[in-house]
Amino acid sequence: MREVPAAAWDALVGDSDPFVEHAFLDLLEQCGAVGPGTGWLPAHVTVWDGEGLVGALPLYEKRHSYGEFVFDWGWADAAARAGIPYYPKLVSMVPVTPATGRRLLVHPEVERSGGYEPVVRALIDGAFEARAQTGAGAIQILFMTETEARAVASDGRLLPRLSYQFHWHNAPYASFDAFVECFRSSMRKKLRRERRVVAESGVEVRVLSGGALGPEHWRALGRFYRDTCATHGSPVYLPPAFFELAPGFVGRRAVAPLAYRGGHLVAGALAFERGSHLYGRYWGCDGDYEMLHFELCYYRLIERAIARGMTRFEAGAQGTHKLRRGLMPSAIHNAVYIHDPALRGAVTEFLDREAAGVRAQMAMLADHGPFRRAPRDG
């Protein structure tokens, strides 16, 4: 990332995405989460008009499929059995961060002047040039915006792939109580009971952000993250250096609901915000506190989003338990290119079936949401 001036890169980013900012991507490199030995090698594509940066595509050369959250292990296994090269592959996303946002970064002045599609084509050209240079078996663009998905489909070289997560969308609501009043009676009672359990447990919750988060908070958040990974047997993608360096790189974007008992910090969640979007990322807890996970990871962050007039809150990958708490199934737009013709044909057929299944599952889940009338997917 340090080969590209931060100001030039950030001029492309837009107003509501903290993860494709130069600082966050640079933090991942500087802390050692990305780079040699991690399976994530930066291969970013840039487009210049003279001395001006007009387009960028965050891109990584990968030799595994960990940390992507849109799974292609089956394709890789099938390729290996058939003797078809699949790795390395090229992936455009924010490493180990299953959050939606822009991937095909185009300068806003270029967009306004009608130059969006030519720059998008140039970025995709760059990805294909990188594929030829590396011998990559696949190119993937993951968690992109709907606008980008349409542009990629129009280009025609990558196949669309649909998945979903659970996101909260602001109606807008005047308050958290107004949000909960939209629930069916039984769901409303359960949510209020969960909050009451925490309120009566002797735990004090504080929501800190930006400079109010000191080194001791970041150390605790790092420990909570590692403990949660150990509890669930998950890979520890972020080294301790991420939490040590984060305040200087992305501290102004950080939000942390923290739980104290007897003056001691016993649990915490880490989220990032920018503009109209809020993204929950990590959580951990010392001990077992009933319903505290939901309070810190969902309810306090939804309260913050409502109070600040934000339009969307994402709480990470997976988790049907989010549905009953007001996070609704929302489409995730991805795209893939498979270089081997035989494998590409098989994947094309699979993607058509997968998309139909995803749409059916999203509709079924929406029908079982907590709202008296399910809000439309945003």
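Being more than 21 Å from the chain's Cα centre (by Cα) and buried (at least 16 other Cβ atoms within 10 Å of the Cβ) is the filter here; which residues of region 198-222 pass it? Full working, then the answer.
In the first step, residues of region 198-222 are kept if they are more than 21 Å from the chain's Cα centre (by Cα); the result is 198-208, 211-217, 219-220.
Residues satisfying the conditions are 198, 203, 205, 207, 213, 217, 220.
Within region 138-146, does at least one residue satisfy the condition of being within 22 Å of residue 70 (Cα to Cα) and assigned to a helix (DSSP H, G or I)? Don't jump to the end; show me each part of the working.
Going through region 138-146, the residues within 22 Å of residue 70 (Cα to Cα) turn out to be 138-146.
Then keep just the ones that are assigned to a helix (DSSP H, G or I); that gives 146.
Within region 138-146, one or more residues are within 22 Å of residue 70 (Cα to Cα) and assigned to a helix (DSSP H, G or I).
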Show the residue pairs that are 6+ apart or on different chains and have beta-carbon atoms under 6 Å apart, the first residue being within region 349-363 and farther than 11 Å from residue 164 by Cα, the second being of a type outside the set (Asp, Glu) and surrounded by 14 or more Cβ atoms within 10 Å (Cβ to Cβ).
351/159; 351/161
Can you report the number of residues in region 189-217 which are farther than 19 Å from residue 304 by Cα, out of contact with any Asp or Glu (no Cβ under 7 Å at 6 or more places or on another chain) and part of a helix (DSSP H, G or I)?
6
For residue 349, which of the numbered conditions (1) under 22 Å from residue 18 (Cα atoms); (2) charged (D, E, K, R); (3) in a helix (DSSP H, G or I) fails to hold?
(1)
Within region 325-338, is even one residue surrounded by fewer than 18 Cβ atoms within 10 Å (Cβ to Cβ), hydrophobic (A, V, I, L, M, F, W, C), within 22 Å of residue 149 (Cβ to Cβ) and in contact with a Pro (Cβ under 7 Å, 6 or more places away or on another chain)?
no
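Those residues that are of a type in the set (Val, Ile, Thr) and modelled with pLDDT of 95 or more, I need them from region 305-361; list them, please. First the steps, then the outcome.
Of the residues in region 305-361, the ones of a type in the set (Val, Ile, Thr) are 306, 311, 320, 332, 336, 338, 347-348, 358.
Those that are of a type in the set (Val, Ile, Thr) and modelled with pLDDT of 95 or more: 306, 311, 332, 336, 338, 347, 348, 358.
Within region 1-44, take every residue that is among the polar types (S, T, N, Q) and surrounded by fewer than 20 Cβ atoms within 10 Å (Cβ to Cβ) and give me the one that is farthest from the chain's Cα centre (by Cα). Walk me through how you get there before you give the answer.
Going residue by residue through region 1-44, those that are among the polar types (S, T, N, Q) are 16, 30, 38.
Adding the requirement that they be surrounded by fewer than 20 Cβ atoms within 10 Å (Cβ to Cβ) leaves 16, 30.
Numbers: 16: 13, 30: 20 Å.
Going through the qualifying residues, I end up with 30.
Quick check on my filter: what residues within region 100-113 are of a type outside the set (Asp, Glu) and surrounded by fewer than 19 Cβ atoms within 10 Å (Cβ to Cβ)? Steps first, please.
Here is the first cut: in region 100-113, the ones of a type outside the set (Asp, Glu) are 100-108, 110, 112-113.
Residues satisfying the conditions are 108, 110, 112, 113.
What helices (runs of 4 or more DSSP H), lying completely within region 14-117, carry at least 2 residues that are under 19 Å from residue 144 (Cβ atoms)? I'd like the intermediate steps shown before the answer.
Working: elements: 22-30, 73-82, 108-112.
Answer list for region 14-117: 22-30, 108-112.
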Conditions (1) in contact with a helix residue (DSSP H, G or I) (Cβ under 8 Å, 6 or more places away or on another chain); (2) assigned by TED's automatic domain parsing to the domain that holds residue 247; number of the one not met by residue 304:
(1)
Just one of 128, 166 is closer than 30 Å to residue 348 by Cβ, touching a Gly at 6+ places or on another chain (Cβ under 7 Å) and not small (Gly, Ala, Ser); which is it?
166
Can you tell which of 164, 116 is buried (at least 18 other Cβ atoms within 10 Å of the Cβ) and of a type in the set (Ser, Thr, Tyr)?
116
Which residue is farthest from residue 16 (Cα to Cα), if the candidates are limited to region 276-302 and must be in a loop (DSSP other than H, G, I, E, B) and in contact (Cβ under 8 Å) with a residue 12 or more places away in the chain?
287
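The values are calculated or read from the model by the stated rules, or taken from the named source; none is laboratory data. Everything quoted here is computed from the prediction, not taken from an experiment. So basically every Cβ, Gly included, is an ideal-geometry build from the backbone, and we count neighbours across all protein chains shown.
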